[in-house]
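Computed from the coordinates by the stated procedures, all read-outs in this text should not be read as laboratory data. Everything numeric in this text was worked out from a predicted model, so none of it was measured. Glycine also receives a Cβ, built like all others from the backbone with ideal geometry; neighbour counts cover every protein chain displayed.
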């Protein structure tokens, strides 16, 4: 009887752990997609140098309460691409309603050849 009680308690805790491990978090890709398209528009406004064609980067950025984009970090092998992204995105304003304040966005960027 003692072992049966231990077995039931163990089954209960394992079941509880399984249920809590399967929680789904609500993500809103629509807001990220709208912000990403605005970032791509900011990058494509001027002539793109040939030195950065075909290069990739990952940009981590946040938007402050005024709607100004702040670049936190740029991960890229090409320094010219990093400078180009920083120059064209950092401290630019985006439309209201397409972002959340205090959220760090990771945006992959690949320049077309």
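Name the residues in segment 56-74 that are closer than 16 Å to residue 108 by Cα, touching a residue at least 24 places away in the same chain (Cβ under 8 Å) and surrounded by fewer than 18 Cβ atoms within 10 Å (Cβ to Cβ), would you?
Within segment 56-74, 56, 58, 60, 62, 72 meet the criteria.
If you take the residues of segment 75-113 that are part of a strand (DSSP E or B) and either in contact (Cβ under 8 Å) with a residue 40 or more places away in the chain or touching a helix residue (DSSP H, G or I) at 6+ places or on another chain (Cβ under 8 Å) (or both), which of them is surrounded by the most Cβ atoms within 10 Å (Cβ to Cβ)?
109
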